[in-house]
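Undergrad: So that we are looking at the same thing, I have put the structure below in structure tokens.
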Amino acid sequence: MNLWTEGDPVADTAAPDGPIETRWERRQFGAKLVNPANRRKLTIIVVGTGLAGGSAAATLAEAGYRVRSYCYQDSPRRAHSIAAQGGINAAKNYRNDGDSVYRLFYDTVKGGDFRARESNVYRLAQVSVNIIDQCVAQGVPFAREYGGLLDNRSFGGTQVSRTFYARGQTGQQLLLGAYQALERQIAAGNVEMHARHEMLELIVVDGRARGIVVRDLVTGEITTDFADAVVLASGGYGNVFFLSTNAKGCNVTASWRAHRQGALFANPCYTQIHPTCIPESGTHQSKLTLMSESLRNDGRVWVPVQAGDHRAPADIPEAERDYYLERIYPSFGNLVPRDIASRAAKNVCDEGRGVGPGGLGVYLDFADAIARLGRSAVEAKYGNLFEMYERITGEDPYVTPMRIYPAVHYTMGGLWVDYDLQSNLPGLFVVGEANFSDHGANRLGASALMQGLADGYFVLPNTINDYLAAGPFPAVSSSDEAVVAARAAVENRITSLLSVNGDRTVDSFHRELGHIMWEYCGMERTEEGLRKAISLVRSLREEFWTRVKVPGTGEQLNQNLERAGRVADFFELAELMCVDALHRAESCGGHFRAESQTPDGEALRHDDQFSYVAAWEFTGTGEPPVLHRETLDFQYVHPSQRSYK
Ligand SMILES: Cc1cc2nc3c(=O)[nH]c(=O)nc-3n(C[C@H](O)[C@H](O)[C@H](O)COP(=O)(O)OP(=O)(O)OC[C@H]3O[C@@H](n4cnc5c(N)ncnc54)[C@H](O)[C@@H]3O)c2cc1C
């Protein structure tokens, strides 16, 4: 059986052409407006209250729209964005080190291994400067230099310092800013907030996204909600791998349900494996912990020169250490992009030079930085991360180098959107990590927060007007056929999950699925491995539906039931990720196909065949999806072999 079929190309018809510097301005001018009195007649559902959804809901409500906001946590400010540590990029050039909008644009297109849209990335770089002003105005306590200016540090894939940060808690501080803006609108009566509600289905009426079906996670009640437009800001799907740096609750359900209703899913195989995470310590573990990339500003990565050298790090003399990133990539050193650093760590571990239990670790050493800057300066920059490391490992990183290893961290793939952030389903907009985004095949550090806030504060509030100008759309009623069907689908699924009554826990299935994905669709992929993964995922999915045990009922708080629904969707997504990875017989960014590498082991793209976004159409569970290609056109940053040497 074919694993996929070919469909018509897909095009981003919303993107203007002409000079790149004025495309966004021209799109804003060309987009229709909705006058303030009419905005009050229009309702928007926003699913998600992280940086993307929180900023979008607050801004849309501030503009006068009626907004209804949803999240599954008990408070909007518990969205996973709160975990972001290292920082947020912006082309402010405060350091006067040669940065500019164009350089941020260039770094991001190159960093994404030439698999992102130039128009989107340029707009992102332009808008980045506004984000910092917005957040400062909200009172976000960015780190400052002695003279009072905002401080910057560097992240991977750049040679300038453009990352704004609030110690190792940047996401938390930014989210508190967005949350306060949201709360202000809740208090003003412009946003109706529904925490502890999970969207389980998208409602599409006459070809337009018009509502959602949600489950109250406390009472189990199923309800429907209708609006003129639906915005998904539901985050990334890294937890398909079971172990990742994401919060345990992160899942794909909102996006996947929309995909099943016709929204295209783009580049699902592009997964970011972050090089600096605390290594896995055993089978009891349910998540992994990130050590922010910012640590690579001052930490030096090394392993012993000799394979099988089990001496304590302090006993290994300088001459017997291999600072392999500095050796292989002298221009960028420890600040090479994540895909490159992760693969390099894997390579030295594969050579038997890894450190710690199982040889799956490399050192991140701060001895030089402490000698140069003093312990208190290092503590001021990274104190909370060092403390977190010590609590988890029992080792003091001021004295002993940290041990780190790559782990799943971010997903560049997501629902396909055009320049307006609208999916192919009219009225369905997707922002933040949930869309397939501006990062191509590899996201540079500190760019997710930038994209989420660009989408929510600046892009969507402009582009959505163009769609809503044609509204209000005809009223939707609970008895409409599409609504009845969507609601019944949710109820039937819950009944099915509860009635299997098998003998295996949801988590045991999730863990096994994660193993398959990590083994065959993780840091290195091969055709043989991906074909094997597809068959393993399929049979495990079938087993899930005959053996899963979901205790409790649907009319109560039931976290097993919540997880079961999410894992069921992960199964379908996992298969699509493997199909996407299989069809893309090239290496690019986070997608490394062993068959396609340069003589020195770097990712080898095939621009003649794969310079496109792969947008997949759902045709049924286990049925071959349809591939729609969106050709990428590079007029400014011409594709070349990416080099950080
Ligand atoms: C440990 C860690 C550190 C990071 N550090 C950085 C960093 O320093 N810099 C950087 O740029 N990026 C960083 N990232 C990436 C960045 O944090 C995320 O990409 C970003 O915060 C995602 O924001 P979001 O708003 O798109 O989604 P999220 O913050 O994940 O929010 C998703 C929202 O959707 C809701 N939701 C999801 N599904 C449903 C549903 N079915 N029904 C109802 N609600 C739903 C959730 O309740 C939540 O409110 C980090 C990521 C991790 C894991």
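Undergrad: Please verify whether region 435-451 includes one or more residues that are more than 9 Å from the ligand (Cβ to nearest atom), modelled with pLDDT of 95 or more and not in a loop (DSSP other than H, G, I, E, B).
TA: There is no residue in region 435-451 that is more than 9 Å from the ligand (Cβ to nearest atom), modelled with pLDDT of 95 or more and not in a loop (DSSP other than H, G, I, E, B).
Undergrad: Next up: Determine which single condition Trp256 fails, assuming it passes every other condition in (1) open to solvent by 10 Å² or more (accessible area, probe 1.4 Å); (2) over 11 Å from the mean Cα position of the chain (by Cα); (3) of a type outside the set (Val, Ile, Thr).
TA: In the conditions (1) open to solvent by 10 Å² or more (accessible area, probe 1.4 Å); (2) over 11 Å from the mean Cα position of the chain (by Cα); (3) of a type outside the set (Val, Ile, Thr), Trp256 misses (1) alone.
Undergrad: Residue pairs, Cβ under 7 Å, 6 or more apart or interchain, first in region 333-353 and under 16 Å from Met402 (Cβ atoms), second of a type in the set (Lys, Arg) and open to solvent by less than 30 Å² (accessible area, probe 1.4 Å). List them.
TA: Filtered contacts from region 333-353: Asn334/Arg296.
Undergrad: Which one is farthest from the ligand (Cβ to nearest atom) among residues in region 267-300 that are surrounded by fewer than 21 Cβ atoms within 10 Å (Cβ to Cβ) and small (Gly, Ala, Ser)?
TA: Once the filter is applied, the top-ranked residue is Gly282.
Undergrad: Every residue in region 359-393 that is touching a residue at least 24 places away in the same chain (Cβ under 8 Å), within 13 Å of Leu295 (Cβ to Cβ) and in contact with a Pro (Cβ under 8 Å, 6 or more places away or on another chain), please.
TA: Tyr363, Leu364, Asp365, Phe366, Tyr389
Undergrad: Right, something else. Can you work out which of the residues in region 1-27 that are part of a loop (DSSP other than H, G, I, E, B) and among the β-branched types (Val, Ile, Thr) is most open to solvent (accessible area, probe 1.4 Å)?
TA: So in region 1-27, the residues part of a loop (DSSP other than H, G, I, E, B) come out as 1-4, 7-19.
Restricting the remaining residues to those that are among the β-branched types (Val, Ile, Thr) gives 10, 13.
On the way: Val10: 25, Thr13: 125 Å².
Only one residue fits best here, namely Thr13.
Undergrad: Condition first: over 22 Å from Asp315 (Cα atoms) and crowded, with 21+ Cβ neighbours inside 10 Å. Can you find one or more residues in region 362-373 that meet it? I'd like the intermediate steps shown before the answer.
TA: Of the residues in region 362-373, the ones over 22 Å from Asp315 (Cα atoms) are 373.
Retained after the next criterion (residues that are crowded, with 21+ Cβ neighbours inside 10 Å): none.
Checked against the condition, which is being over 22 Å from Asp315 (Cα atoms) and crowded, with 21+ Cβ neighbours inside 10 Å, region 362-373 yields no hits at all.
Undergrad: So which residues in region 56-89 are under 26 Å from Gly168 (Cα atoms), within 8 Å of the ligand (Cβ to nearest atom) and not in a loop (DSSP other than H, G, I, E, B)?
TA: Pro76, Arg78, His80, Ser81, Ile82, Ala83, Ile88, Asn89 - these are the residues of region 56-89 that are under 26 Å from Gly168 (Cα atoms), within 8 Å of the ligand (Cβ to nearest atom) and not in a loop (DSSP other than H, G, I, E, B).
Undergrad: Criterion first (over 26 Å from Gly413 (Cβ atoms) and hydroxyl-bearing (Ser, Thr, Tyr)) does Ser119 satisfy it? I'd like the intermediate steps shown before the answer.
TA: Working: over 26 Å from Gly413 (Cβ atoms): no; hydroxyl-bearing (Ser, Thr, Tyr): yes.
No, not satisfied.
Undergrad: Among the residues in region 592-602, are any crowded, with 21+ Cβ neighbours inside 10 Å and either part of a helix (DSSP H, G or I) or under 20 Å from the mean Cα position of the chain (by Cα) (or both)?
TA: The first filter runs over region 592-602 and keeps only residues crowded, with 21+ Cβ neighbours inside 10 Å, leaving 592-593.
Restricting the remaining residues to those that are either part of a helix (DSSP H, G or I) or under 20 Å from the mean Cα position of the chain (by Cα) (or both) gives 592.
Looking through region 592-602, at least one residue is crowded, with 21+ Cβ neighbours inside 10 Å and either part of a helix (DSSP H, G or I) or under 20 Å from the mean Cα position of the chain (by Cα) (or both).
Undergrad: Ok, one more. Taking Ala263 and the conditions (1) more than 8 Å from the ligand (Cβ to nearest atom); (2) farther than 30 Å from Ser479 by Cα; (3) modelled with pLDDT of 95 or more; (4) not basic (Lys, Arg), which numbered condition does it fall short on, given that it satisfies the others?
TA: (2)
Undergrad: Okay, next question. Can you work out which of the residues in region 200-232 that are among the aliphatic types (A, V, I, L, M) and open to solvent by 10 Å² or more (accessible area, probe 1.4 Å) is nearest to the ligand (Cβ to nearest atom)? So that I can check it myself, show each step before the final result.
TA: Taking region 200-232 first, the residues among the aliphatic types (A, V, I, L, M) are 200, 202-205, 209, 212-214, 217-218, 222, 227, 229-232.
With open to solvent by 10 Å² or more (accessible area, probe 1.4 Å) added as a condition, the list becomes 200, 204-205, 218, 222.
Values: Leu200: 7, Val204: 16, Val205: 20, Val218: 14, Ile222: 13 Å.
The qualifying residue nearest to the ligand (Cβ to nearest atom) is Leu200.
Undergrad: Out of curiosity, is Arg77 under 30 Å from Leu288 (Cβ atoms), in contact (Cβ under 8 Å) with a residue 24 or more places away in the chain and buried (at least 24 other Cβ atoms within 10 Å of the Cβ)? Before you say what the answer is, go through the steps one by one.
TA: On the way: under 30 Å from Leu288 (Cβ atoms): yes; in contact (Cβ under 8 Å) with a residue 24 or more places away in the chain: yes; buried (at least 24 other Cβ atoms within 10 Å of the Cβ): no.
Here the answer is no, as Arg77 does not meet what is asked.
Undergrad: Is it the case, given these coordinates, that Gln180 is within 11 Å of the ligand (Cβ to nearest atom) and open to solvent by 10 Å² or more (accessible area, probe 1.4 Å)?
TA: Numbers: within 11 Å of the ligand (Cβ to nearest atom): no; open to solvent by 10 Å² or more (accessible area, probe 1.4 Å): yes.
So Gln180 fails the test.
Undergrad: Restricting attention to region 121-153, and to residues there that are β-branched (Val, Ile, Thr) and under 22 Å from Glu25 (Cα atoms), which single residue is most open to solvent (accessible area, probe 1.4 Å)?
TA: Taking region 121-153 as the starting set, the residues that turn out to be β-branched (Val, Ile, Thr) are 121, 127, 129, 131-132, 136, 140.
After this cut, where a residue has to be under 22 Å from Glu25 (Cα atoms) as well, the list is 121, 127, 129, 131-132.
On the way: Val121: 2, Val127: 5, Val129: 37, Ile131: 0, Ile132: 2 Å².
Applying the filter and picking the extreme gives Val129.
Undergrad: Can you tell me which residue within region 183-199, out of those that are among the charged types (D, E, K, R) and closer than 30 Å to Leu385 by Cα, is nearest to the ligand (Cβ to nearest atom)? So that I can check it myself, show each step before the final result.
TA: Of region 183-199, the ones among the charged types (D, E, K, R) are 183-184, 192, 196, 198.
Narrowing the set further to residues that are closer than 30 Å to Leu385 by Cα leaves 183, 196.
Details: Glu183: 14, Arg196: 9 Å.
Result: Arg196.
Undergrad: Turning to a different aspect of this structure: For Gly111, which of the numbered conditions (1) buried (at least 24 other Cβ atoms within 10 Å of the Cβ); (2) farther than 30 Å from Asp228 by Cβ; (3) within 9 Å of the ligand (Cβ to nearest atom) fails to hold?
TA: (3)
Undergrad: In addition: Only one of (1) open to solvent by less than 10 Å² (accessible area, probe 1.4 Å); (2) touching a residue at least 24 places away in the same chain (Cβ under 8 Å); (3) of a type outside the set (Lys, Arg) fails for Ser587. Which number is that?
TA: Condition (2) is where Ser587 drops out.
Undergrad: In region 519-552, which residues are farther than 16 Å from Leu576 by Cα and of a type in the set (Ser, Thr, Tyr)?
TA: Hit for region 519-552 is Thr546, nothing else.
Undergrad: Which of the numbered conditions does Ile464 fail, given that it passes all the others? Conditions: (1) within 16 Å of the ligand (Cβ to nearest atom); (2) crowded, with 24+ Cβ neighbours inside 10 Å.
TA: Ile464 satisfies every listed condition except (1).
Undergrad: Okay, moving on. Assess whether Asn492 counts as being out of contact with any Cys (no Cβ under 8 Å at 6 or more places or on another chain) and surrounded by fewer than 21 Cβ atoms within 10 Å (Cβ to Cβ). Reasoning before the result, please.
TA: Values: out of contact with any Cys (no Cβ under 8 Å at 6 or more places or on another chain): yes; surrounded by fewer than 21 Cβ atoms within 10 Å (Cβ to Cβ): yes.
For Asn492, the condition - out of contact with any Cys (no Cβ under 8 Å at 6 or more places or on another chain) and surrounded by fewer than 21 Cβ atoms within 10 Å (Cβ to Cβ) - is met.
Undergrad: Another question, then. Looking at Ala263, Ala307, Ala258, which one is farther than 26 Å from Pro330 by Cα and in a loop (DSSP other than H, G, I, E, B)? Before the answer, list the steps.
TA: Numbers: Ala307 fails: farther than 26 Å from Pro330 by Cα; Ala258 fails: in a loop (DSSP other than H, G, I, E, B).
None of the others qualify; the one that does is Ala263.
Undergrad: Can you pull out every residue in region 28-57 that is open to solvent by 50 Å² or more (accessible area, probe 1.4 Å) and within 28 Å of the chain's Cα centre (by Cα)?
TA: Gln28
The values are calculated or read from the model by the stated rules, or taken from the named source; none is laboratory data. Quick caveat: nothing in here was measured; it's all calculated off a predicted structure. For neighbour counting, all protein chains shown are included, and Cβ atoms are generated from backbone atoms with ideal geometry for every residue, glycine included. The area values use the complete protein model at the heavy-atom level, side chains included, leaving out ligands, DNA and RNA. Shrake-Rupley method; radii C 1.70, N 1.55, O 1.52, S 1.80 Å.
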